[in-house]
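Colleague: Structure below; questions to follow.
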Amino acid sequence: MAREAAERPPEETLSLWKREQARLKALVVDRDTEAWQRDPAFSGLQRVGGVDVSFVKGDRVSACASLVVLSYPELEVVYEDCHMVSLTAPYVSGFLAFREVPFLVDAVQRLREQAPGLVPQVLLVDGNGLLHHRGFGVACHLGVLTDLPCVGVAKKLLQVDGLENNAQHKEKIGLLQTGGDSFPLMGGSGAVLGTALKSHDRSTKPLYVSVGHKISLEAAVRLTRGCCRFRIPEPVRQADIRSRDHIRRTLGASRPPAPKQDRAQPTLCLLWS
């Protein structure tokens, strides 16, 4: 508890973050805005982006922010941007965007300046969108700040609004037989917050897809499925692979990338409502 108390952001910072989330949440668009999103085959979609932040093992400050752009439907990498960054905000559950998004926004801005023809038409984000404690996860935050369609793709269920990884939820997962099978994530409020998706025939665990910005849930789920060669959609998978490789090349074997489950690093993990 002493470590948590020492690393807890000041109350005024948490209040500021909440107000900023509420302000930006009002700008979220949760419907299709592009013609390709409404086409069953995504005709017109040519570039899909993925972002990731990988951490250095044992280091709460050093990380690598990665943006990749893949051709669609080929899913071949056509652009890569990996930068070592120094994190300034602590990890607080529900406020991940304030720790990571500024560096991802910078990466998108570099791409717009250096190769505007390669700017992705949609971004896939390792995290949640509307499936969030306050309905404004990292995919929403990044989408609003970049004005790009964004999809949240999480590997674990965020247990909010009555959603629980309980026996009933696991039973539903067991009924997912083939890649593309899914079921809605309906919260206690009656709102559908996302979709549990079996992304690949050989996957045993679903992905949790939610709207980030400027796309409907139906299109977000179809796109996620269409980007999966394996369980994790290829744009996110490539961003992860390349960010971790960048850490190894930059820092050497003495400072390897952290295991992915250590994303938060050993810092504040309390939930602030």
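The values are calculated or read from the model by the stated rules, or taken from the named source; none is laboratory data. Predicted, not measured: the structure shown is a model, and the values here were computed from it. Heads up, the Cβs are rebuilt from the backbone with ideal geometry, glycines too, and the neighbour counts pull from every protein chain shown. To get the accessible areas, we keep the full protein, side chains included, count just its heavy atoms, and leave off ligands, DNA and RNA. Shrake-Rupley method; radii C 1.70, N 1.55, O 1.52, S 1.80 Å.
Colleague: Order Met84, Met186, most accessible first, counting only protein heavy atoms with a 1.4 angstrom probe.
Modeller: My answer, sorted largest first, is Met186, Met84.
Colleague: Then there is this: Which value, in debye to the nearest 20, describes the size of the charge dipole of region 1-118 about its Cα centre when Lys and Arg Cβ atoms bear +1, Asp and Glu Cβ atoms bear -1, and nothing else is charged?
Modeller: 380 debye
Colleague: Right, another one. Between Asn128, Ala115, His213, whose Cα lies farthest towards the positive end of the dipole of the chain when Lys and Arg beta carbons carry +1 and Asp and Glu beta carbons carry -1, centred on the Cα centre?
Modeller: Asn128
Colleague: Cβ under 13 Å from Gly188's Cβ, Gly188 left aside: what net charge do those residues give with Lys, Arg +1 and Asp, Glu -1?
Modeller: Once positives and negatives cancel, what remains is -2.
Colleague: Assign one of three labels to region 1-113, namely rounded, prolate or oblate, based on the Cα gyration tensor with a ≥ b ≥ c the square roots of its eigenvalues; rounded applies when a/c is under 1.5, prolate when it is not and a/b is larger than b/c, and oblate otherwise.
Modeller: Taking the square roots of the gyration eigenvalues as a ≥ b ≥ c, region 1-113 is oblate.
Colleague: Separate question: Nothing charged except the Cβ atoms of Lys and Arg (+1) and of Asp and Glu (-1): what's the magnitude of the dipole of the chain about its Cα centre? Round to the nearest 20 debye.
Modeller: 520 debye
Colleague: For a quick check: with amide H placed at 1.01 Å from N, whose amide H comes under 5 Å from Gly49's, ignoring anything fewer than 5 positions away on the same chain?
Modeller: Leu70, Gln121, Val122, Leu123, Leu124
Colleague: What distance in nm lies between label points placed 7 Å from Cα along the C-beta direction at Arg134 and Arg60?
Modeller: 2.2 nm
Colleague: When ligands, DNA and RNA are left out and all protein chains stay put, how many square angstrom of accessible area per residue does region 9-100 have with a 1.4 Å probe?
Modeller: About 45 Å² of surface per residue is accessible.
Colleague: Please report how many Lys pairs in region 127-254 have alpha carbons closer than 20 angstrom, counting only residues at least 8 apart along the chain or sitting on separate chains.
Modeller: So the count works out to 12.
Colleague: Expressed as a whole percentage, what fraction of the accessible surface of region 55-167 belongs to carbon and sulfur atoms when a 1.4 Å probe is rolled over the protein heavy atoms?
Modeller: The computed percentage sits at 50.
Colleague: Between Val221, Val160, Val119, which gets the highest mean-square fluctuation from a Gaussian network model of the chain, Cα cutoff 10 Å?
Modeller: Most flexible of the set in this elastic network: Val160.
Colleague: Quick one: length gained pulling Arg249 to Ser15 fully straight, 0.36 nm per residue minus the C-alpha distance?
Modeller: Gain in length upon complete extension: 80.3 nm.
Colleague: Within a Cβ distance under 14 Å of Glu74, other residues only, what is the Lys/Arg minus Asp/Glu net charge?
Modeller: 0
Colleague: Which ³J(HN,Hα) values in Hz, rounded to whole numbers, follow from the phi angles of region 235-250 under the Karplus curve 6.51 cos²θ - 1.76 cosθ + 1.60, where θ = phi - 60° and Gly and Pro get x?
Modeller: Ordered by residue, 3J(HN,Hα) equals x, 5, 4, 5, 4, 5, 4, 6, 5, 5, 5, 5, 4, 5, 5, 7 Hz.
Colleague: While we're looking at this one, here's another question. Would you mind counting up the charge near Leu27? Only other residues with Cβ under 12 Å from its Cβ, with Lys and Arg at +1 and Asp and Glu at -1.
Modeller: Result for the local shell: 0.
Colleague: Let me ask something else about it. What distance in nm separates the two pseudo spin-label positions at Gln159 and Leu175, each 7 Å out from Cα along the beta-carbon direction?
Modeller: Rounded to a tenth, the inter-label distance reads 2.2 nm.
Colleague: Okay, moving on. When the Karplus curve 6.51 cos²θ - 1.76 cosθ + 1.60 is applied with θ = phi - 60°, which whole-Hz ³J(HN,Hα) does each residue of region 150-167 get, with x for Gly and Pro?
Modeller: 9, 10, x, 10, 10, 8, 10, 6, 7, 8, 10, 6, x, 6, 9, 7, 9, 4
Colleague: Along the charge dipole of the chain, Cβ charges K/R +1 and D/E -1, which of Ala258, Gly179, Val78 sits furthest on the positive end?
Modeller: Result: Ala258, furthest along the dipole toward the positive end.
Colleague: Which of the listed residues, Val68, Val105, Asn165, is farthest toward the dipole's positive end in region 23-166, when Lys, Arg count +1 and Asp, Glu count -1 at the beta-carbon?
Modeller: The residue sitting most towards the positive pole is Asn165.
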